[in-house]
Amino acid sequence: MDSEDRDEPRIKSVEAVDTTEASGGGYSDFNLKINADTLMDDVDPAEHGTVRGEPYFLVYADGSLDNQSRFSYTNGTLIERKQVSHDENGEFVIDVRPGGLEEAGADGEVTLLVLLMDEDKDWDDIYGVSRVTVKYSPEE
């Protein structure tokens, strides 16, 4: 990650959209709208085949990130992954499936960890981190 990425966050905003109100309050269904800079020209070494990055998002339920070392460690339950296009001012919608939230044991306030990643040969690089809290209430 170069200094430009550290100074200027690539993920501008994350919000719940396309929501369905649950009878007990909160949402029983929602998607995430992410505004981000996913332009990744010249981020990979030429020996990896191409210098252009392959951006994608990961969404974790109640996840945390430990990036104190060269390799970041993420915990929580991975609930979504979406490959996206290169776009300096992109707006992306990620479908959040209730099954993923239920597998994570989400009920009530759930904090979603959103990572903007670049796919690499050896290990994937993190280019953006954001969190959003949503009140999730599964329909019974």
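Structural remarks
- Note on residue 12 and residue 33: their simple-model spin labels are 1.2 nm apart, each label 7 Å out from Cα toward Cβ.
- Among 110, 132, the order of accessible area from largest down is 132, 110, computed with a 1.4 Å probe on protein heavy atoms.
- Partners of residue 33 within straight-line reach, counting lysines whose Cα lies under 19 Å from its Cα and excluding those fewer than 8 residues away in the same chain: 12, 82, 135.
- The residues neighbouring residue 18, those whose beta-carbon lies less than 13 Å from its own, together hold a net charge of -2 under the Lys/Arg +1, Asp/Glu -1 convention.
- Segment 71-140: C-alpha gyration tensor shape, a/c 1.5 cut-off, then a/b vs b/c: prolate
The values are calculated or read from the model by the stated rules, or taken from the named source; none is laboratory data. Source: prediction; values computed, not measured. Cβ atoms come from the backbone with ideal geometry, glycine included; neighbour counts cover every protein chain shown. Remember, those area values only see protein heavy atoms, side chains included, never the ligands or the DNA or RNA. Shrake-Rupley method; radii C 1.70, N 1.55, O 1.52, S 1.80 Å.
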